[in-house]
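Bear in mind that the values in this text are calculations on the coordinates, not laboratory data. From a predicted model like this one, the values you see are computed outputs, not experimental measurements. Because the Cβ atoms are built from the backbone with ideal geometry, glycine has one as well, and the counts that use them run over all protein chains shown.
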Amino acid sequence: MKNTAALRANTGKSRLFALGGFLGFASMLLLAAQSAFAAGPEANEDSGVFEVEKVRDDVSVILGGNGNGGHAGVVEFDDGLVLIDSMMEASRDRLLNTLREISKKPVKALINTHDHPDHIGSDAYLQGQGALVVASSSAEFEDEFAWQGIGENGKLPQYGDSIALYVVGSHSPSDLFVFLPESNVLFVGDTLSNAWYPANFHRGIRGQVEAMDLALNLIDEQSVVVPGHGFLTDRQGVQAYRESCLAWSARIMQLHHQGLQLADIIKDPELEKIRWKFNPRLVDRDRFDHFHGRLVENTIKAETAAAEEG
Ligand SMILES: [Zn+2]
């Protein structure tokens, strides 16, 4: 960032791949992330590196999926890299190999969008290598290591105006938005999904809408929005996702309050139309079908819990 020499060097070294196509994705469900994709032929274990989508001169996204965890953002500064999320623990070698292809600079800081295992797998390791690890102060880590908790919206002093952090609670209690105002890139973690069902397990639709409204306040038509899984998107994508979430929750809860059981709710033709809005590129249709009931059930639980909390 703000370092033209570094940017020139970076352009030559980066291994870039075509946009679009099937990216694969790891589910927000750890269960699925661990089992369904763990050993498929799509894992490309022989290649040793992940696909990288270059978003700006100094911002790249290492694409996760196929059991490797969520995407990881890489922001290049004069003195080193800032990583956003660190994938699954088992994917560490490929992550480190891919980082080296992007830049030889050290990872100076690692910011977590939330504390789920498919986003924090190399946190303790990188902290041991000298990186400052930053997460929402609501985060919980199994590993013991030093990290900096963020309790309210703000900036990291050492990065000036280049990084802004926002405390959010939608997908989990520990959601953090990472916004790069100078690059106009927003990392929203798993609060937005466009190749999977909405996973607003914390505070239900209310938390979801608040999160998307915050995102819409931060971004403009030129922004790039990076979800934890699925496809990089933009302001229009956030708006469409927000509307689909409202329709999804409203329809499920309407049927639930009418007394319908899960087996009947998932057969509802209107809900059938709504659910495909969350997977417009028809990623892994069989699996998407398979988890429909589970995600409807999760939505009912999340909405019921949120209503009880008032
Ligand atoms: Zn998650």
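Structural remarks
- Computed FRET value (nearest 0.05) for residue 250 with residue 148, which takes r as the C-beta separation and R₀ as 51 Å: 0.85
- Cross-link table 155/301; 277/301; 273/301, entries beyond 31 Å C-alpha to C-alpha: 155/301
- Sequence-separation-based contact order of the stretch 4-309, relative, with Cα cut under 8 Å and 6+ spacing, percent: 12
- In this structure, residue 305 and residue 92 have a Cβ-Cβ separation that, at R0 = 35 Å, corresponds to a calculated FRET efficiency of about 0.50.
- Value of relative contact order over the stretch 110-150, rounded to a whole percent, pairs C-alpha under 8 Å and six or more apart: 42
- Pairwise centroid distance, computed over Cα atoms, of the stretch 48-84 with the stretch 149-170, Å: 19
- Likely footprinting exposure, 87, 253, 212, fewest C-beta neighbours within 10 Å first: 253, 212, 87
- Computed from label points 7 Å out along Cα-Cβ, the spacing between residue 155 and residue 56 is 1.3 nm.
- Once both labels are positioned 7 Å from their Cα atoms along Cα-to-Cβ, the gap between residue 243 and residue 290 label points is 3.2 nm.
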